[in-house]
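Heads up: the structure comes next, in C-alpha cells.
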Amino acid sequence: MKGKIFGIIFASVLILSACKTARVAEAPKADIREVINNSDVTLVDVRIPEQYAEGTAKNAINIPLADIQNKAPSLQGKKVVVFCNKGIQADKAVEILKKNGIEAYDGTSWKNVKAIQDEKSAKNK
C-alpha cells in the first residue's frame, strides 16, 4: 500500500514538473529619461482637455484615456510615452496601447515628464 501511494506521489511530481511553463525573459526596462528625451518619441497626455490646458509637458499631444483605444491606429509605428496626473490613467493607457501593438512607455505624471525635460534643458545650457 505504501508503495502505491509513493508511486502515485512520485508520478504526480514528475507530471507536474514536466508541465511547468518556460519562463519568458522580459525585455530590459528602458530608461524613461532616455525615452522621453528621444526626438522620435510621441508624448501623450491622457488627461481630459481641461486638465491638459492647465499645463502639460513640452510638445505633448492630448488624447484622453476615454479616446485612446479609438486613436491607437494613429500612434501605430511610433514610440509613445503616456502620462496623466498621478499615473493611474497612464498605466491603463499603456496597457491598451501595448495590446494594439504600440511601443508604449509609462511616464507616470505630466510633472515627472516635464521635470525630465527640464533636467535635460538645464544640462544643455
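Here are the numbers for this structure:
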| read-out | value |
| --- | --- |
| Helices (runs of 4 or more DSSP H) wholly inside the range 1-103 that include at least 2 residues being modelled with pLDDT of 70 or more and open to solvent by 80 Å² or more (accessible area, probe 1.4 Å) | 32-36, 49-54, 68-71, 88-99 |
| Selection count where residues are under 22 Å from Gly55 (Cα atoms), part of a helix (DSSP H, G or I) and not aromatic (Phe, Trp, Tyr), scope the range 104-124 | 12 |
| First in the range 108-119 and over 15 Å from Val46 (Cβ atoms), second anywhere and β-branched (Val, Ile, Thr) and assigned to a helix (DSSP H, G or I), Cβ under 8 Å, 6 or more apart | Ile116/Ile32; Ile116/Ile36; Gln117/Ile36 |
| Any hit, the range 112-119, residues being at negative phi, among the β-branched types (Val, Ile, Thr) and surrounded by fewer than 16 Cβ atoms within 10 Å (Cβ to Cβ) | no |
| Output for the range 28-62, where each listed residue is without any contact (Cβ under 8 Å) to a residue 40 or more places away in the chain and under 16 Å from the mean Cα position of the chain (by Cα) | Pro28, Lys29, Asp31, Glu34, Thr42 |
| Cβ-Cβ under 6 Å pairs, at least 6 apart or on other chains, the range 88-103 side under 11 Å from Leu65 (Cα atoms), far side of a type outside the set (Val, Ile, Thr) and open to solvent by 70 Å² or more (accessible area, probe 1.4 Å) | Ile96/Gln69 |
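The values are calculated or read from the model by the stated rules, or taken from the named source; none is laboratory data. In this text, all values refer to a predicted model and were calculated from it rather than measured experimentally. Every residue, glycine among them, receives a Cβ derived from its backbone with ideal geometry; neighbour counts consider all protein chains shown. The accessibility values were calculated without ligands, DNA or RNA, using every heavy atom of the protein model including side chains. Shrake-Rupley method; radii C 1.70, N 1.55, O 1.52, S 1.80 Å.
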